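S.K.: Pasting a structure here, questions to come.
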Amino acid sequence: MNCQWIEQILPLHLSDDVDASETARVVSHLGTCADCARLENEYRQAMAIFRGYEPPVMDDAVYANLRLRVLSEITVAPKPSVFSNLVYLFRLQYRWALALVLLFAITIFVVNRPGRTNNELTNDGSIPVDLAATVRASDQQAPESPANHLVKIPGQPAGLSEKRYRRATAKAPDTKRWGGHVAKRRPQLIKDKLSSPANDDVAILPSNHMNETQPVLRVEMQTKDPNIRIIWFSKHPK
Amino acid sequence: MTLAETINLNVSTPIRDELADFLRQAAAGDTEAFDKVMIQTQKRVMAMTWRMLGNEADARDATQEVFLRVYKYLGRYDHKQDFHGWLYGITVNACRDLAKKRTSHTTIESADQIHDKQATAEQTSIEAQQREMVRQALASLPEKERAAVVLRDLEGFSTEEAARILRSSPTTVRSQICTARRKIKIYCERFMKNGRTGGMR
C-alpha cells in the first residue's frame, strides 16, 4: 500500500470519515508502517490540542448586556412584516416559473396579434362569405373605368384616356421630384395644364376620380406569402 | 433503551418543546419569549463566534448580530427544521460578514496581541500558548475551511450536518476538513519548533 495515499487519507481517518473498507486498509497499514504510525500520532496530538480550544468563560453580565442591546434594537426596529415573509415565499424557482409563463404568453400574443393574422382569408385561402358578398356587391356597382373618361388634347386623336392624358401631360422632373406623392400632385398638374391659355380647347376632365373626399372601399387580401398582400380600391358601394 | 437514553429523553424533550414554544411566540412578536430563546442559546452562539473570529469584542458584536438576524428571519424558520442547525447557519454567515468588514482591523489587532504575548512569553502557561497557537492556526485558515473544521471538530456536528449548515455538499466539506486538519498539524509543528512567533502562510 502506498504511504502517500495514507498521508492523504489520514486526516479523515481520524474522525472515521472514510469508508469501512478504507479504514480497514489504513489500520492494517499503520500496523506495519512505523512512519505512517508516527504521522497518525502527530495528527492525533495536533487534533487533541485543537479540540481543547475552548472559549473563555464569560460573565453573566456580558450576556445580560448583550441581550439588552438586542432587545432594545428589536423594540426600536419594526416587526418583520407579513409581506416580507410572502416575498420570501416567492422563491427563486417560482420566479423562474413565472418568467417562463410570461415568456410563453408574450410569444403567443406576438404570434397571434391581429395585425399579422389573415382576417380576410380562411384557412384554405378562399375568401370568406361576408367579404365575398361585399366584393360581389362592389363588382355590381363598379366605378366607371378611367378609360371611359376621355380627354381631348390638341394635336392628338380624340378619345385619349385619362391615363394616357396624364402620361402626355406630366413632366418627368416633377415626377421625380415628388416621388411617392406623384398621385396627389398630378391633379394639380392637370388643372394647371387645363387652365393654361394654350389649352383652351381641351375638354374638362371629369373630377370623379380626383375627389379625395369621396368614400373609397378598400379590400385587402393577404396571400399565403406574408410578403404579398393584394389591396383593391373601389368606389364605396351605395 | 439504556438508562442514560431514558434520562436524556425525559430531560431533553420538555426543553425542546419549551424552546419550540418560545420560538413560536417570538415569531409572533413576543420579545419576552425571544429573550428566553436567547438565554437558551447565547452560550453556544458566543462560543461559535469566538472560535470563528478569535477575539471577544468581535464575538460579542457577531453574537448580537446573530440574534438580530434570528429575530428578523424567525418568520421564515420552518419549525420542523432543526433550530440549532438553522441558528449555526446564521452564525456562520454573520461571522463571515463581520470578518469581511473588519479584515484590516483584525489584522492589526492580532499583530498587537502577538507582540504582547511575545513580551510575556515566559510567564504564560503551556495551555495559554496552545490556545494562542490554535487561535492563530484558525485565523490563518480560509473562511470556509475554518467554518467546516469548527463545526466538525469543535462544535461536534457530523460532516453531513456541517454540510447542511454551510449549504454545501458533504464531499466538499470533507475535503475542506481534510485540508484544514493538515494545515493545523503543520502549524502546530512549526509553532513547536519556532515558538509562537512562527506563522503559517
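Read the figures in this text as sums done on the coordinates, not as results from a lab. Because the structure is a prediction, the values reported are computed rather than measured. Don't worry about glycine lacking a Cβ; one is built from the backbone with ideal geometry, like all the others, and counts go over all protein chains shown.
S.K.: So for the stretch A:4-81, what percent of the C-alpha to C-alpha distances run longer than 22 Å?
M.R.: So the portion of pairs separated by more than 22 Å is 53 percent.
S.K.: Here is a follow-up. Loop only per DSSP, at most 10 neighbouring Cβ atoms within 10 Å: give me the trypsin sites (Lys or Arg not before Pro) in the stretch A:9-66, ordered by residue number.
M.R.: Taking the stretch A:9-66 and a limit of 10 other Cβ atoms within 10 Å, no loop trypsin sites (Lys or Arg not before Pro) are found.
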